[in-house]
Structure formats: structure tokens, C-alpha cells
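Undergrad: Could you have a look at this structure, given as C-alpha cells, before my questions?
Rule-based calculations on the coordinates, nothing more; no lab input. Not measured: the values here are computed from a predicted model. Don't worry about glycine lacking a Cβ; one is built from the backbone with ideal geometry, like all the others, and counts go over all protein chains shown.
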Amino acid sequence: MTLATRVRTLWVDSSPTDKEQPTGIRSTFLDPWAAIIFWPLAVVLVLHRVFFLALRGDVTDDFSTVYFALRRFLDGQPVYGETYYFVDPHYLYNPGATLVLSPLALLGDNELARIGFIILNALAILTALALLTKLFGFSLHGAVFPLSIVLAFATEAVTNTLVFANINGILLLALVCYIQYLHEDRRWRAGIIIGLAILIKPVFAPLLLLPLVKIQWQTLVAGVAVPIAANLIAWPFIPGANDYLTRTMPYLGQVRDYANSSFPGLVTYFGLPTWLEFVALVGFGLLIAIAVVMLLRVRYSQPLLWLATTAGVLLAGAFLLSSLGQMYYSMMFFPLIFAATLPNSPINSITGWLGICLSLLQLDWTPFHQIATFQATVGWAFIIIAVGVYYLRAHWPIMTLTSALKKSS
């Protein structure tokens, strides 16, 4: 018996495999209203977010920081010369990511490149939503696709991704493709996609756990090799590449006290005791571990639920517990939200949906402006709690024993 065969029989439920997949196209009672209500709303929201809010821009401009750093690279100038104690957006991509992203600066006009990048991210978000709609069994002609566009483009995550002109829309598409390729057992493609995502944002690295627990070594090899190879290739060509190690990486390890929704950011902002941070990190770490381990039981019987929910929990943990978390990262929960349409989704609780709402909704908390920064912190925590407690309640040995004793009596 091979290792992969043994893993397939270890810690699984006894249900038939793929029980989550319905036959045919899934429909909803809202489908007749798609063309009348949801498509007009979707078109208006997309046009408003892209051509009114995003093209007008904001004080926060993530794209220009990246563009001018890439221009320095193309012009043979040192890339990592930032003054990090300023609160302006900083260029933090590694040399490998710099090489991969360098085509963005080939266009000599920053504003024209920014507009093109905004439109590219909007198209990536729309494509990701279309892929999720089909992946979860719905027709693109029904209500789910336009409704998902309406809800997505109403969130803080999509709005600020487009207004700030950052790369999260493209990363969302990469995440969705990764989940789809894993679901279809296209291992090399999945590995290349997640490797590129990790190269751009290392926060995606925990998602390598998904192929690891199924011994899908092709995905693991590609996922690790892509960022390493890209950096090895890029290092000789990036002027001042060593500054990334000596200047940028130490900054990345620091917990900044502004625009940081992670729990360490909350502790730093309010000057809370370090023991509280330690207790929270241990507590949430245990809940994440419980959620991930218990979800493993449905990795074959409900593979899509397992992939999307585990990815959501891992990313929520990365956003909450790392040195930097920002609210618009919550766009990566879209697969988790689609997974709520599947049977036995652990996110379907008051706590889970409250977490999703706090992570994604742009709310005005005037005059308590700090709440706007840390509502995502609470939201990410609620998502972890919802999934972890769901499985604690369902499988905790003491509760199971108590239930059995009640039945016997």
C-alpha cells in the first residue's frame, strides 16, 4: 500500500465521496430575477467602482509606489531605497516579484499604466466570480453570478482594491484558479499558480498545506520552486537586491502601528500588554489547528467544501496573526462564501456571517475611527471561532460521551 493510499484512508468520514456535487446545474428561486434586477445592479456598480471611484483615485496610491520602483529597476537604479518610518505606501516586493511585475512599468506613463492596472484587476475579479459560480455548480445565466458581482463590488475589499490600485484582484483570481486546479487534480498547474501568488504575497504560503495533506508532491514542488527560482534568477539583475535582505526584510518583521488590522497591530496601536498578545496567538492558533484538522475528515467526501473552507481559515489566521493585516485582504474569503452554499458548511452560523460582514463591509464609525481599522480584526477572529467551535461542538470527545450517556439512559 502506497503512502498516498494510506493517507486517503486516514482520518476520513464514512460518507460516499463527492456527495456535495449535485447532478446537473444548481438553480435558485432568484434565477427569474437575474436579468431584471441583478444584472442592471451589477453593471451599474462595476462601472461606478471602476470609472468613477477608482480612476479618480485616492490619497492612498499603492500603484505609483510599485510603478516607480519598477521603473528604477528598468532604469538600472537601486530599487530598495525607501525611508520606512514615513507612513506612505512602501515598495516591499522581493527581487523575484520585482522581475515578474516589471512589465507593468514598460509603459512610460504612470497614470496610463495605473488605469490599465485598475481595469485588469476589475476583470480579474469578474473572472474569479465567474469561475467560482461554475465551480460551485451554478449557471452563469442564473442569479448567482450577477448577485455575486453586486455583493462583491459593494464590499470595502473590492472598492479599495480598485481605488488604491493594488494587485489583490489578480491574487483573488490566482487563489480561485488554485482551488479549481486542486479540485480537478491538475497538480502542476495548481503548484505554479500558488507559487506565483506566494512570490507576490508570502501570506499565501499556508495554503501549501492543502496539497501536503494529500501527498500531492507535484503541487508542493512547484509551489516552493517557483518563488525560489524567481528570486535566484532575478537577484543578479536587480540593482541593490541585497538591500531587500538588510533593509526591507527587517521592516517586514516589524509590527507597524498604523493601517494594520492584525492582532499584533491592535496590540501595538493600543499599547496592550504582550502577555495578551501571546494568549491570543496561542488561543487562535489552537482554534485554527482544530478547524483544519477536523476539516480533513471531509477532504474526500466533500472536497470542494474542504478546499474553500480550509483555505479561508488558513488565510484568516494569516491575516489575524501576522505582523501586517489589512482589511481589503478579506477579498480572499469569496471562495469561503461560495462554500456556504454547500451542505454542512461550518461558516453558516451567526458568528460566521458576522465575521464575514465585519471583514468585508465598509462602515462609518465616526467619531470612533479606530473601529474602522479593527473591525476586520474582529471579523477574522469570528471566522476562525465559527469554524473551530463548529467542529468542537460536533466532535469534542466529552460532548460526544455525554450525548451517548444521555441516549443510553
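Undergrad: Quote the charge dipole size of the chain about the Cα centre in Debye, to the nearest 20; the model charges only the Cβ of Lys and Arg (+1) and of Asp and Glu (-1).
TA: 1320
Undergrad: Quick one, could you list the DSSP H helices from the chain stretching 18 Å or more along their long axis (Cα atoms) with average Kyte-Doolittle hydropathy of 1.0 or above?
TA: Helix filter hits for the chain: 110-135, 168-183, 187-200, 217-234, 274-295, 303-321, 370-395.
Undergrad: For the ranges 155-163, 293-301, 274-282, 124-132, what's the packing order if you count other beta-carbon atoms within 10 Å of each residue, average per peptide, and put the highest first?
TA: So the order, starting with the most tightly packed, is 155-163, 124-132, 293-301, 274-282.
Undergrad: Calculated from DSSP H runs of 4 or more alone, at -39500 (n - 2.57) each and per residue, what is the 222 nm mean residue ellipticity of the chain, nearest 500?
TA: Rounded to the nearest 500, it is -18500 deg cm²/dmol.
Undergrad: Sticking with this one: Just how far, in whole angstrom, is the stretch 320-342 from the stretch 290-307 if you go by their alpha carbon centroids?
TA: One Cα centre to the other: 17 Å.
Undergrad: While we're here: In the stretch 60-179, if the dipole is taken from +1 on Lys/Arg beta carbons and -1 on Asp/Glu beta carbons about the Cα centre, which of L107, N168, T60 is farthest to the positive end?
TA: Looking along the dipole axis, the top candidate is N168.
Undergrad: Can you classify the stretch 243-366 as rounded, prolate or oblate using the Cα gyration tensor, where a ≥ b ≥ c are the square roots of its eigenvalues, rounded means a/c under 1.5, and otherwise it's prolate if a/b beats b/c and oblate if not?
TA: In terms of gyration-tensor shape, prolate.
Undergrad: Mind putting a number on the dipole of the stretch 51-177 about its Cα centre? Charges go on the C-beta only, +1 for Lys and Arg and -1 for Asp and Glu, and I need it in Debye to the nearest 20.
TA: Here the size comes out at about 380 debye.
Undergrad: Rounded, prolate or oblate: which fits the stretch 112-256, taking a ≥ b ≥ c as square roots of the Cα gyration tensor eigenvalues, rounded meaning a/c under 1.5, else prolate when a/b beats b/c?
TA: It is oblate, given that a/c is not under 1.5 and a/b is not larger than b/c.
Undergrad: What's the ranking of 182-192, 41-51, 167-177 by average number of surrounding C-beta atoms within 10 Å, highest first?
TA: So the order, starting with the most tightly packed, is 167-177, 182-192, 41-51.
Undergrad: Could you tell me whether the stretch 50-115 comes out rounded, prolate or oblate from its Cα gyration tensor? Rule is a ≥ b ≥ c as square roots of the eigenvalues, rounded for a/c under 1.5, then prolate if a/b exceeds b/c, otherwise oblate.
TA: Oblate is the answer for the stretch 50-115, as a/c is 1.5 or above yet b/c matches or exceeds a/b.
Undergrad: Taking springs between alpha-carbon atoms closer than 10 angstrom, which of S102, S261, S27 fluctuates most in the Gaussian network model of the chain?
TA: The residue with the greatest mean-square fluctuation here is S27.
Undergrad: Okay, moving on. Quick one: which residues, 5+ away or cross-chain, put their amide H under 5 Å from the amide H of F138? H built at 1.01 Å from N.
TA: R26
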